[in-house]
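Undergrad: Sending over a structure as structure tokens; questions will come in a sec.
The values are calculated or read from the model by the stated rules, or taken from the named source; none is laboratory data. Nothing here was measured: the structure is a model prediction, and the numbers come from that model. Cβ coordinates were reconstructed from backbone atoms using ideal geometry, including for glycine residues, and neighbour counts include every protein chain displayed. To get the accessible areas, we keep the full protein, side chains included, count just its heavy atoms, and leave off ligands, DNA and RNA. Shrake-Rupley method; radii C 1.70, N 1.55, O 1.52, S 1.80 Å.
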Amino acid sequence: MTRVFVSAFRPCARLIAVCLISLMATPALAEDESPRIEEEIVVVGIFDEPDRVTGSAHRVGPEVIEAFRHDDVMRVLNFVPGVYAREEEGFGLRPNIGLRGGNSDRSQKVALMEDGILFGPAPYSAPAAYFFPLSARMENVEVFKGPSSIEYGPQTIGGAINMTSTPIPQARALEAAVGGGSDGYRQVLLRAGTRFENGGVLAEYVHIGTDGFKSIDNSSRDTGFYKNEALIKAEREIGDGLLEIRVGYADEVSDITYLGLTEADVRADPYRRYTASELDRMDWHQSNARISWSQPLLGGTSKTTAYVQNFDRAWRKFNNFAGADIREVLANPDSPFNQIFIGVLQGGDTDLLSGSPDDIRIGTNDRSFVSRGIQSTLHWNFGDDVEHHVTAGIRYHYDRIERLHDEFGFEQVNGAIAQNNQPRAILADNTGETDAISLWVKDEMVWGRWTIVPGLRIEHISNEFDNRLAGRRVDNDYTMVVPGVGASYAITDRFTVLGGIHRGFSPATPSLTEDLEPEESVNYEIGARWRSDFGQLELIGYFNDYDNLTAICTFSSGCAAGSLDTQTNAGEVRAYGVEAAWRHEFALNDGIVVPIGVTYTYTDAEFREGFSSTNPQFGEVEPGFELPYIPPHRANAHIGLEAEQWGLQLSITYVDRMRDQAGTGSFAAAAGSDASTIVDLAAHWKVNERWTVTGRVDNLTDEVDIVSRRPFGARTGKPLSVRVEVRYRLDG
């Protein structure tokens, strides 16, 4: 009944999406404008004055994060231009985020940080982001692109994302929230902190979970997840310095599969799962610790942080059939041969003869990660006629991944799956590890209306790959110099032009390949910012000229077991586009404020060389083929109504069709994702100073779209879902 009701809103939502396209991170406000909006979404860097940022840098601030209270970081990033994402399971557990034409698979081409420290399980040796911190713990989400990303490597081609966690409060504070919603959704948040004479402490715990929105054929098993994160951090002033310590833990159990549906089945029942995926489950746990020391140094300020993170995961999942390729079966389900395997996927009995072609192959990808290092930064300011704001840093980082992938044979009888007598097969048994030393320096020089920011990053990387199955060990060692410069000129107090050029870089991944090639490019951007009585406008064009684009074969991209973690060198690629954003705030009567904004991103990315790859996202590529899973057009619109006691927020996101495999020209519906328009609605009501009730409806119009066909088969996004939360806050 609910879906029938909300379907009436779809035409309206699509019309609104054409007219509004939303909330962005734009430049600082004029002095006479409301400071509340400046805190909401602003251009950021390490600077206190956002106008001094010469490149593209944006922040989604606490007001927006608090208004929507998204668990899915990909929905948070909808508010930032130049960012696109490929959905997978509908919850954002393992985001696929791309920036400016970069490959979005597992966010491998983005430098990912929490409070300035890399959080990927192994950012150099295995950059696939199978872990992502909960956005419910965050105060801000920052995105750096162009020359502004040089200091945040190792990945500097697309850019960097930094999530800033909730700080230790300035006085005693307590927050407790309990939420519930559709599909068995539940959330608990507990946060408490205090400030004492020479320091402070904060402890927080977040739990989220759901029963899932999909149903497995012939099974009552849930298809959701639960996830926990806990963090304690403390700080104490010692003389002129500040000591900070933090310890965290996280875990997840998710009944998520890589197995999708055929085209006919997904159109008939988009929230169905085949019986063959019943046993699929991801189980991981992560622990981390940091200790930091800050103090005045050389006339500036310095901060040194030592960090360590351990991440262990085991993902049991459907891999394939013994005698058929699951990709071919799902792509051509009507052939007589494939009909046998389709029947097994849907719960039909397998041939009970040992080693039959229709045996189901289920394996566990067991991986253990270590990431640790020490990082030191120094900031200082000097100069009169020409101001210098210098940042310098050095980091030693070590990470390691240990893989043990196995596979067993299973039979299916009367809808029940059971292991047969086929012997265990070991598909991968290897270790990759990397030592990296990074140095960077940036000088922001301000002279009159000019701001010029030259920067330099140096990465020295030594990695090693030990493949125990092949009995081979390979070492690789190289140094990369990554220069860049950005500049801006204030033509008037309200109109600024900017531009920049920098070298892009992404490390090679340890494997058996000798002399691995890193990903390299030369990146350009040019644009302008304008502030007026009609709002704030930003327009930036970019061009990324790749010497060598690389891609790492993962299970999530559809790679076969024998190709996992190998690297594709795709050669020359050109990616260019435009990022546009506008925002304004209207004041109504009775103290009601209407924030409204528009963002739009156009991207065009194509190969300039031909090559052959075992990575199924590429295959046989010819010059002129477009890259897969990059939407040509992406837009977001946000409009709100804010009063002292209540507020409403509407977010509309449009994502164009994306091709599933590299190619050119038009492509069939079954060869890519659907275009989608997703509407999210949030509301809050302050009962009093301490109690607040919030609610959110995701996918208000219950849009049903195919968002991906990777790794195996078509899958849709999350349906209409409702969430209500009651929150208590005590400050002071």
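Undergrad: Exactly one condition in (1) surrounded by 16 or more Cβ atoms within 10 Å (Cβ to Cβ); (2) charged (D, E, K, R); (3) farther than 22 Å from His638 by Cβ is false for Asp547; which is it?
TA: (1)
Undergrad: Suppose we filter Ala551, Ala528, Ala508 for residues that are closer than 16 Å to Thr566 by Cα and in a strand (DSSP E or B); which single one remains?
TA: Working: Ala528 fails: closer than 16 Å to Thr566 by Cα; Ala508 fails: in a strand (DSSP E or B).
Testing whether each residue is closer than 16 Å to Thr566 by Cα and in a strand (DSSP E or B) leaves just Ala551.
Undergrad: For residues that are among the polar types (S, T, N, Q) and in contact with a strand residue (DSSP E or B) (Cβ under 7 Å, 6 or more places away or on another chain), scanning just segment 584-616, find the one that is farthest from Gln645 (Cα to Cα). Give the derivation first.
TA: Step one: filter segment 584-616 for residues among the polar types (S, T, N, Q), giving 589, 599, 601, 603, 612-615.
Next, from what is left, pick out any that are in contact with a strand residue (DSSP E or B) (Cβ under 7 Å, 6 or more places away or on another chain): 599, 601, 603, 612-613, 615.
On the way: Thr599: 28, Thr601: 35, Thr603: 41, Ser612: 60, Ser613: 57, Asn615: 53 Å.
Here the residue is Ser612.
Undergrad: Pairs please, first residue from segment 403-420 and on the phi < 0 side of the Ramachandran plot, second anywhere and among the basic types (Lys, Arg) and assigned to a strand (DSSP E or B), Cβ atoms under 8 Å, 6+ apart in sequence or on different chains.
TA: Within 8 Å, the pairs are Arg403/Arg367; Leu404/Arg367; Glu407/Arg361; Phe408/Arg361; Gly409/Arg361; Phe410/Arg361.
Undergrad: Shifting gears a bit: Of the conditions (1) aliphatic (A, V, I, L, M); (2) in contact (Cβ under 8 Å) with a residue 60 or more places away in the chain; (3) in contact with a Phe, Trp or Tyr (Cβ under 9 Å, 6 or more places away or on another chain), Ala428 fails just one. Which one is it?
TA: All conditions pass for Ala428, except number (3).
Undergrad: Within segment 445-468, is even one residue of a type in the set (S, T, N, Q), over 35 Å from the mean Cα position of the chain (by Cα) and more than 17 Å from Ala122 (Cβ to Cβ)?
TA: Step one: filter segment 445-468 for residues of a type in the set (S, T, N, Q), giving 451, 462-463, 467.
Keeping just the survivors that are over 35 Å from the mean Cα position of the chain (by Cα) gives none.
No - not one qualifying residue is present in segment 445-468.
Undergrad: What strands (runs of 3 or more DSSP E), lying completely within segment 354-437, carry at least 2 residues that are under 30 Å from Ile452 (Cβ atoms)? Don't jump to the end; show me each part of the working.
TA: Details: elements: 360-382, 387-413, 416-419.
Answer list for segment 354-437: 360-382, 387-413.
Undergrad: Hey, among Arg290, Arg186, Arg267, Arg191, which residue is of a type in the set (Lys, Arg), at pLDDT 95 or above, farther than 30 Å from Gly672 by Cβ and open to solvent by 50 Å² or more (accessible area, probe 1.4 Å)?
TA: On the way: Arg290 fails: open to solvent by 50 Å² or more (accessible area, probe 1.4 Å); Arg267 fails: farther than 30 Å from Gly672 by Cβ; Arg191 fails: open to solvent by 50 Å² or more (accessible area, probe 1.4 Å).
Answer to the selection: Arg186.
Residue by residue, here is whether (1) in a loop (DSSP other than H, G, I, E, B); (2) within 28 Å of Ala268 (Cα to Cα); (3) in contact with a Leu (Cβ under 6 Å, 6 or more places away or on another chain) holds:
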site	(1), (2), (3)
Pro631	yes, yes, no
Arg657	yes, yes, no
Asp680	no, yes, no
Glu725	no, no, no
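Undergrad: Taking interchain pairs and intrachain pairs at least six residues apart, which have beta carbon atoms under 9 angstrom, with the first residue in segment 569-584 and under 20 Å from Gly619 (Cβ atoms) and the second of a type in the set (Phe, Trp, Tyr) and in a loop (DSSP other than H, G, I, E, B)?
TA: If the second residue must be of a type in the set (Phe, Trp, Tyr) and in a loop (DSSP other than H, G, I, E, B), the pairs left are Ala570/Phe618.
Undergrad: Right, something else. Given the conditions (1) under 26 Å from Gln661 (Cα atoms); (2) in contact with a strand residue (DSSP E or B) (Cβ under 6 Å, 6 or more places away or on another chain); (3) in contact (Cβ under 8 Å) with a residue 40 or more places away in the chain, and given that Gly535 satisfies all but one, which numbered condition is not satisfied?
TA: For Gly535, the failing item is (1).
Undergrad: Going residue by residue through segment 80-90, is there one that turns out to be open to solvent by 10 Å² or more (accessible area, probe 1.4 Å) and touching a helix residue (DSSP H, G or I) at 6+ places or on another chain (Cβ under 8 Å)?
TA: Checked against the condition, which is being open to solvent by 10 Å² or more (accessible area, probe 1.4 Å) and touching a helix residue (DSSP H, G or I) at 6+ places or on another chain (Cβ under 8 Å), segment 80-90 yields at least one hit.
Undergrad: Of the residues that sit in segment 107-128 and are among the aliphatic types (A, V, I, L, M) and out of contact with any helix residue (DSSP H, G or I) (no Cβ under 7 Å at 6 or more places or on another chain), which one is surrounded by the most Cβ atoms within 10 Å (Cβ to Cβ)? If you could, list the steps in order and put the result at the bottom.
TA: Here is the first cut: in segment 107-128, the ones among the aliphatic types (A, V, I, L, M) are 110-113, 117-118, 122, 126, 128.
Still in the list and also out of contact with any helix residue (DSSP H, G or I) (no Cβ under 7 Å at 6 or more places or on another chain): 110, 112, 117-118, 122, 126.
Details: Val110: 30, Leu112: 23, Ile117: 20, Leu118: 26, Ala122: 28, Ala126: 28.
Across segment 107-128, the extreme among qualifying residues is Val110.
Undergrad: Here is a further query. Can you go through His460, His502 and tell me which one is touching a residue at least 12 places away in the same chain (Cβ under 8 Å) and in contact with a Gly (Cβ under 9 Å, 6 or more places away or on another chain)?
TA: Numbers: His460 fails: in contact with a Gly (Cβ under 9 Å, 6 or more places away or on another chain).
The conditions single out His502.
Undergrad: Would you check if there is a residue in segment 608-622 being farther than 22 Å from Thr701 by Cβ and among the aliphatic types (A, V, I, L, M)?
TA: Keep residues of segment 608-622 that are farther than 22 Å from Thr701 by Cβ, which gives 608-622.
Subsequent filtering for residues that are among the aliphatic types (A, V, I, L, M) retains 621.
Yes, there is a match, as at least one residue in segment 608-622 is farther than 22 Å from Thr701 by Cβ and among the aliphatic types (A, V, I, L, M).
Undergrad: Continuing with the same structure: Can you tell me which of (1) touching a Lys or Arg at 6+ places or on another chain (Cβ under 8 Å); (2) part of a strand (DSSP E or B); (3) open to solvent by less than 30 Å² (accessible area, probe 1.4 Å) is the one Gly248 doesn't meet?
TA: Evaluating Gly248 over (1) touching a Lys or Arg at 6+ places or on another chain (Cβ under 8 Å); (2) part of a strand (DSSP E or B); (3) open to solvent by less than 30 Å² (accessible area, probe 1.4 Å) leaves (1) as the failure.
Undergrad: What's the number of the only condition in (1) over 22 Å from Ala428 (Cβ atoms); (2) among the aromatic types (Phe, Trp, Tyr); (3) touching a residue at least 24 places away in the same chain (Cβ under 8 Å); (4) crowded, with 19+ Cβ neighbours inside 10 Å that Tyr396 fails to meet?
TA: Unmet condition: (4).
Yes or no, residue by residue, for (1) surrounded by fewer than 23 Cβ atoms within 10 Å (Cβ to Cβ); (2) at pLDDT 95 or above; (3) not β-branched (Val, Ile, Thr):
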site: Tyr130; (1), (2), (3): no, no, yes
site: Val143; (1), (2), (3): no, no, no
site: Gly153; (1), (2), (3): no, no, yes
site: Val201; (1), (2), (3): yes, yes, no
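Undergrad: Give just the number: which of (1) modelled with pLDDT of 95 or more; (2) over 23 Å from Ser556 (Cα atoms); (3) among the aromatic types (Phe, Trp, Tyr) does Phe369 not satisfy?
TA: (2) is the only condition that Phe369 fails.
Undergrad: With the requirement that a residue be closer than 27 Å to Val60 by Cα and either open to solvent by 50 Å² or more (accessible area, probe 1.4 Å) or free of Cβ contacts under 8 Å to residues at least 24 places away in the same chain (or both), what does segment 636-677 give you?
TA: Ile639, Leu641, Glu644, Gln645, Trp646, Leu648, Tyr654, Arg657
Undergrad: Right, Thr451: among the polar types (S, T, N, Q) and in contact (Cβ under 8 Å) with a residue 60 or more places away in the chain or not?
TA: Details: among the polar types (S, T, N, Q): yes; in contact (Cβ under 8 Å) with a residue 60 or more places away in the chain: yes.
So Thr451 passes the test.
Undergrad: Moving on to the next point. Return the pairs, sorted by first residue and then second, in which the second residue is open to solvent by 10 Å² or more (accessible area, probe 1.4 Å) and among the charged types (D, E, K, R), the first residue lies in segment 116-145 and is assigned to a strand (DSSP E or B), the beta carbons are less than 6 Å apart, and the residues are 6+ apart or on different chains.
TA: Going by the 6 Å Cβ cut-off, the qualifying pairs are Asn140/Arg59; Glu142/Arg59.
Undergrad: Let me ask something else about it. For segment 155-180, give me each residue that is in a strand (DSSP E or B), surrounded by fewer than 21 Cβ atoms within 10 Å (Cβ to Cβ) and over 19 Å from the mean Cα position of the chain (by Cα).
TA: Answer for segment 155-180, where residues must be in a strand (DSSP E or B), surrounded by fewer than 21 Cβ atoms within 10 Å (Cβ to Cβ) and over 19 Å from the mean Cα position of the chain (by Cα): Ala173, Leu174, Glu175, Ala176, Ala177, Val178, Gly180.
Undergrad: Tell me yes or no: at least one residue of segment 508-519 is in contact with a strand residue (DSSP E or B) (Cβ under 9 Å, 6 or more places away or on another chain), under 30 Å from Thr377 (Cα atoms), modelled with pLDDT of 95 or more and open to solvent by less than 20 Å² (accessible area, probe 1.4 Å).
TA: Checking segment 508-519: not a single residue is in contact with a strand residue (DSSP E or B) (Cβ under 9 Å, 6 or more places away or on another chain), under 30 Å from Thr377 (Cα atoms), modelled with pLDDT of 95 or more and open to solvent by less than 20 Å² (accessible area, probe 1.4 Å).
Undergrad: Still on this model: Please tell me if Phe586 is modelled with pLDDT of 90 or more, of a type in the set (Phe, Trp, Tyr), out of contact with any His (no Cβ under 9 Å at 6 or more places or on another chain) and closer than 30 Å to Ala683 by Cα.
TA: So Phe586 passes the test.
Undergrad: Asp477 passes all but one of (1) under 25 Å from Val578 (Cβ atoms); (2) over 26 Å from the mean Cα position of the chain (by Cα); which number fails?
TA: (1)
Undergrad: Filter segment 442-462 down to residues that are small (Gly, Ala, Ser) and part of a strand (DSSP E or B), then give me how many there are. Steps first, please.
TA: Applying the first criterion (small (Gly, Ala, Ser)) to segment 442-462 yields 448, 455, 462.
Checking the rest, the ones that are also part of a strand (DSSP E or B) come to 455, 462.
The qualifying residues number 2.
Undergrad: Within segment 419-456, which residues are β-branched (Val, Ile, Thr) and closer than 17 Å to Tyr398 by Cα?
TA: We begin by selecting, within segment 419-456, every residue β-branched (Val, Ile, Thr); these are 426, 431, 434, 437, 441, 446, 451-453.
Within segment 419-456, Thr431, Thr434, Ile437 meet the criteria.
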